[in-house]
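Q: One structure, pasted below without further comment.
The values are calculated or read from the model by the stated rules, or taken from the named source; none is laboratory data. A quick note: this is a predicted structure, and the numbers were derived from the prediction, not measured. Cβ coordinates were reconstructed from backbone atoms using ideal geometry, including for glycine residues, and neighbour counts include every protein chain displayed.
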Amino acid sequence: MTLAEFRASLAAAAPPPALSAALTALWWDARGDWNRAHNAVDSEESTEAARVHAYLHRKEGNTPNAAYWYRHAGVPIFSGPLAEEAQALLRELTE
């Protein structure tokens with residue numbers, strides 16, 4: 001899926017069924033549903049899911065939990081704005 005296709009899919013009532021857990025979480029996040037976004041990656045083991053999980057806990061304001069997930073994903077803690085991190089994740093996962 002391209003970034004443009006992802007953005008277009010946000011007009012639908014539900015995420016496309018073929019999305020990865022990480023992209024499904026970002027889809028729900030873009031729709032403003034943190035709980036569904038978190039549920040989409042909560043039990044996933046992939047590096048991508050851990051990275052999105054870190055972003056979601058950072059967005060939630062739970063810095064210690066976010067730090068755990070950044071370590072789990074093997075990436076440094078993102079220090080820029082949340083919107084910038086979300087866009088970076090989308091670019092990485094869609095292209």
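Q: For the range 16-60, which positions are without any contact (Cβ under 8 Å) to a residue 24 or more places away in the chain and either of a type in the set (Ser, Thr, Tyr) or farther than 20 Å from Leu82 by Cβ (or both)?
A: Pro16, Pro17, Ala18, Leu19, Thr24, Ser43, Glu44, Glu45
Q: Report whether or not Arg36 is in contact with a Phe, Trp or Tyr (Cβ under 7 Å, 6 or more places away or on another chain) and either modelled with pLDDT of 95 or more or surrounded by 13 or more Cβ atoms within 10 Å (Cβ to Cβ) (or both).
A: yes
Q: Please go through the range 16-62 and pick out each residue that is of a type in the set (Val, Ile, Thr) and over 18 Å from His72 (Cβ atoms). Talk me through it step by step, then tell me what you get.
A: Here is the first cut: in the range 16-62, the ones of a type in the set (Val, Ile, Thr) are 24, 41, 47, 52.
Scanning the range 16-62 gives a single hit, Thr24.
Q: Still on this model: If you scan the range 59-85, which residues turn out to be surrounded by 13 or more Cβ atoms within 10 Å (Cβ to Cβ), among the charged types (D, E, K, R) and farther than 18 Å from Trp27 by Cβ?
A: Arg71 - this is the single residue of the range 59-85 that is surrounded by 13 or more Cβ atoms within 10 Å (Cβ to Cβ), among the charged types (D, E, K, R) and farther than 18 Å from Trp27 by Cβ.
Q: Could you pull out the residue among Trp69, Trp28 that is aromatic (Phe, Trp, Tyr) and either closer than 20 Å to Met1 by Cβ or in contact with an Asp or Glu (Cβ under 8 Å, 6 or more places away or on another chain) (or both)?
A: Answer to the check: Trp28.
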